[in-house]
1. Anything in the stretch 296-311 that is crowded, with 21+ Cβ neighbours inside 10 Å and farther than 26 Å from PRO139 by Cβ? List them, or say none.
2. Which of the residues belonging to the stretch 47-76 are open to solvent by less than 10 Å² (accessible area, probe 1.4 Å) and among the aromatic types (Phe, Trp, Tyr)?
3. Out of the residues in the stretch 342-387 that are touching a residue at least 60 places away in the same chain (Cβ under 8 Å) and assigned to a loop (DSSP other than H, G, I, E, B), state the one that is most open to solvent (accessible area, probe 1.4 Å).
4. For ARG252, state whether it is outside any strand (DSSP E or B) and among the charged types (D, E, K, R).
5. Can you name every residue in the stretch 332-341 that is crowded, with 18+ Cβ neighbours inside 10 Å and part of a loop (DSSP other than H, G, I, E, B)?
6. Is one or more of the residues making up the stretch 118-126 closer than 22 Å to GLU47 by Cβ and more than 9 Å from the ligand (Cβ to nearest atom)?
7. Suppose we filter the stretch 289-313 for residues that are more than 16 Å from the ligand (Cβ to nearest atom) and under 20 Å from ALA147 (Cα atoms); how many remain?
8. So which residues in the stretch 312-328 are of a type in the set (S, T, N, Q) and open to solvent by 60 Å² or more (accessible area, probe 1.4 Å)?
Amino acid sequence: MAYLTSAPRGTKDILPVETPKWQYLEKTLLETAGLFGFREIRIPTFEHTELFSRSVGDTTDVVQKEMYTFTDKGDRSVTLRPEGTAGVARAVLEHGLLGDALPQKVSYNITCFRYEKPGSGRYREFHQFGVELYGATSPAADSEVLALAYECFQVLGLSNVVLEINSLGCPECRKQYVQALLNYFNQYRGQLCSTCLERLDRNPLRVLDCKSPEDKKIAAGAPSILDYLCDDCREHFREVQARLTAAEIPFRVEPTIVRGLDYYTRTVFEMVHTAPDGERLVCGGGGRYGGLIEELGGNPTEGIGFAMGLERLLSTMIAEGCDFPPEQTCDVYIASMGEAAGVKAFQLANLLRSEGFFAQCDLMGRSVKAQMKYANKIGAKYVIVLGEDELAKGEAVLKSMHNGATVSIRLDSGFSDAIYEEIMAHAYADLEEVAEDLGLNLH
Ligand code: AMP
């Protein structure tokens, strides 16, 4: 029965000590996207299987091998979302959002599910933050989405990020390119892996994505899509780059990026972080998609978006020593001795909480000594001890755990105001100390 206390392979609990970092990450990303006009959308965890097979593409690894698909009790095939773009497109169509003022901009924070081999940053359940922008065909939209991707890394304190960009052209230029790829790879049919031979017949672009070192070597000599772009696609790609340059956003043209999913046209990109030891980590990717909305039954509408993996972002931030906000700790712990004092402690702790303080009192029936030990362990900033004497006098001592300073506080309706004043006075005194150390004059 040991498996009952082990999470399923490829999944991970996020423990209370870790959640403040996650909350900060998610909030920062949503707020940053908000500054660019993206508003959050929340979509279901599962969708009709066909949504993914039609939009992500049934020749992709995601659809062929990695989907969590099952038949529900109503005999419908449903799938846990492997990514966000398809579900968000379905939602904006269902609710007519593309009939509103365009461009329509939405952001999302979701869990995704892929049956992948777990390990080295790969999970079967993982988190993505993403955005989608609909209705703008101009290169300005590509540049704005790329600028947002870059800004997200800046705000999080990850400066060593480069956007690697490519253009996959439109269906017209892609047709010629695919033929050129076929001609090239056909010469190596004897050397390619069996999956790539299959890919060659179904979708030759996928061969460029193969992870096998031998196939990678062959792919390195393949023709570049950039030599096959039509005039319009070339101009579009040129303008995206011109805007990035104007905004001083670092990017590199990388003609081998094809992305794993089928719906992309024109601009595609990945966000690559390089660690001090030179290790590259792809933290996210995205691109423009032409046919997706139409494929799902909507009027032809282009979209562009990206998704970043939050596990990778967070582990990179921790490895790079990025700043996180300090964790919230208990403001006041009210220790008590005896039943009547226990009730009073409960009443005062509630009063403090209703005023926005983080307050705790004893729930374990412990001795005062043990309660103080606990207050210390949880990092309480102040403690109050209530006993018979304090109740009789209607007054108790508030003690700072930081420097041991004490002050008497009345246990009446002005209690929380008095605590607030004390905390502020101590905070000011601490600030004065720091200022003095730094040779600054606060007055
Ligand atoms: P994709 O939709 O495959 O382009 O993925 C976008 C980002 O999600 C990737 O760059 C990763 O950061 C993250 N990601 C994709 N698959 C996984 C996975 N199995 N486990 C953790 N993160 C993932």
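The values are calculated or read from the model by the stated rules, or taken from the named source; none is laboratory data. Treat the numbers as computed from the prediction; the structure is a model and nothing was measured. Note that each Cβ is placed from the backbone with ideal geometry, even for glycine, and that neighbours are counted across all protein chains shown. Side chains are part of the model used for accessible areas, which takes the heavy atoms of the whole protein and leaves out ligands, DNA and RNA. Shrake-Rupley method; radii C 1.70, N 1.55, O 1.52, S 1.80 Å.
1. Passing the criteria: GLY309, LEU310.
2. Listed by number, the list holds a single entry, PHE52.
3. My answer is GLU355.
4. No, not satisfied.
5. Within the stretch 332-341, MET337 is the sole residue that qualifies.
6. Scanning the stretch 118-126, I find no residue that is closer than 22 Å to GLU47 by Cβ and more than 9 Å from the ligand (Cβ to nearest atom), so the answer is no.
7. Going through the stretch 289-313 one residue at a time, the tally reaches 1.
8. SER315, GLN328
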